[in-house]
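Asker: Encoded as structure tokens, here's the structure I'll be asking about.
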């Protein structure tokens, strides 16, 4: 027994030594001092020049700060490229930029000098560099025996993302026709049953009965039932109806619907503002019943409410809600940045002077990001697209 016990102890000691050798070997393999790579790159605070006009129409400028860390950089380790896919705003100054970068295994970064050949600038977290053109970045191994070279590009938009102008078109494009048809999805079925079409979202269609009851259909308009309201039905709009909906940002399967319009002018002659309602619709497998919420001016402490607009059209666009309608017999554009709570007149999206103020106006956004102003009765068609929306469509 003593002989076998001794052999067993010898085997255990050998196993421990062998395992220790393997661990040492693994550690040496995972720590290679010749590994050279950039692991992160971040811009610091930058300055952007804004061009505007003074109160007397004179050109003027002012400077704002751009938070560089909001613009993430992609590091292509195979192609040895570093770049930001979301370009910095137009007129951002990148000629003297603070930045930070990190590397793997303490490899050492150097930027090639823009003016002097073969001159290198060692990385320092306190320095600023000129990134107005692509820069070559060398990353040396810790033992300085070799290096790899990256091309670092800081992209800046060449155009103002908020720029917008209307273009008159001879007719509607196929995309505009498709957008117009989609806006009225379910209307034919509602009207066939004597209902007044209100609008639709991904999962539901809405309509009003003659007595002002809100109805909802979850099968495309084949069957209907009364919908839930949080306030008296007398507050529902019955004229100049317009709606817009968008995917609710926090959930993939939830829509936010905005319904706006006016009440009967004969019954409610003192109304000065539009009736604004909203609803959240969850169309996932765990969907819960929801109701229309009346957005009371006093509850929301709203001083910037939407005035009573005739011939109203509503659309979501680039993070805003736009309302086009006649106010005192002239077409105006209002915009809301908070989903319909507050409104202000929009100068960016103001309708062209040539718009016929007496003709009906419909507004839709097509699949290419163009807003369309449609007055088919007088043959007027206008479209426009913000530059930043065009970037989202094409990039």
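Asker: For the stretch 41-151, which fully contained strands (runs of 3 or more DSSP E) count at least 3 residues that are under 30 Å from residue 163 (Cβ atoms)?
Answerer: Ranges flagged: 45-53, 59-67, 81-84, 97-103.
Asker: Might you let me know whether the stretch 187-200 holds any residue that is modelled with pLDDT under 95 and closer than 24 Å to residue 248 by Cα? It would help to see each step written out before you state the result.
Answerer: Kept after step one, since they are modelled with pLDDT under 95, are these residues of the stretch 187-200: none.
The answer is no, given that none of the residues of the stretch 187-200 is modelled with pLDDT under 95 and closer than 24 Å to residue 248 by Cα.
Asker: Taking the condition under 23 Å from residue 113 (Cβ atoms) and surrounded by 12 or more Cβ atoms within 10 Å (Cβ to Cβ), does residue 147 pass? Can you show your working first?
Answerer: On the way: under 23 Å from residue 113 (Cβ atoms): yes; surrounded by 12 or more Cβ atoms within 10 Å (Cβ to Cβ): yes.
Here the answer is yes, as residue 147 does meet what is asked.
Table: residues versus (1) under 26 Å from the mean Cα position of the chain (by Cα); (2) not assigned by TED's automatic domain parsing to the domain that holds residue 374.
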| position | (1), (2) |
| --- | --- |
| 133 | no, yes |
| 136 | no, yes |
| 143 | no, yes |
| 178 | yes, no |
| 191 | no, no |
| 220 | no, no |
| 223 | no, no |
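Asker: Right, another one. Any residue at all in the stretch 220-234 that's surrounded by 15 or more Cβ atoms within 10 Å (Cβ to Cβ), without any contact (Cβ under 8 Å) to a residue 60 or more places away in the chain and part of a strand (DSSP E or B)?
Answerer: no
Asker: Of the residues that sit in the stretch 237-258 and are in a loop (DSSP other than H, G, I, E, B) and touching a strand residue (DSSP E or B) at 6+ places or on another chain (Cβ under 6 Å), which one is surrounded by the most Cβ atoms within 10 Å (Cβ to Cβ)?
Answerer: First, pick out the residues of the stretch 237-258 that are in a loop (DSSP other than H, G, I, E, B): 237-238, 248-253.
Filter once more, so that each one left must be touching a strand residue (DSSP E or B) at 6+ places or on another chain (Cβ under 6 Å): 237, 248.
Values: 237: 22, 248: 16.
Within the stretch 237-258, the match that is surrounded by the most Cβ atoms within 10 Å (Cβ to Cβ) is 237.
Asker: Are any residues in the stretch 187-218 surrounded by fewer than 20 Cβ atoms within 10 Å (Cβ to Cβ) and in a loop (DSSP other than H, G, I, E, B), and if so, which ones?
Answerer: Result: 193, 194, 202, 203, 209, 210, 211, 212, 213, 218.
The values are calculated or read from the model by the stated rules, or taken from the named source; none is laboratory data. This one's a predicted model, so the numbers in the text were calculated from it and none came from an experiment. All Cβ positions, glycine included, derive from the backbone under ideal geometry; neighbour counts span all protein chains shown.
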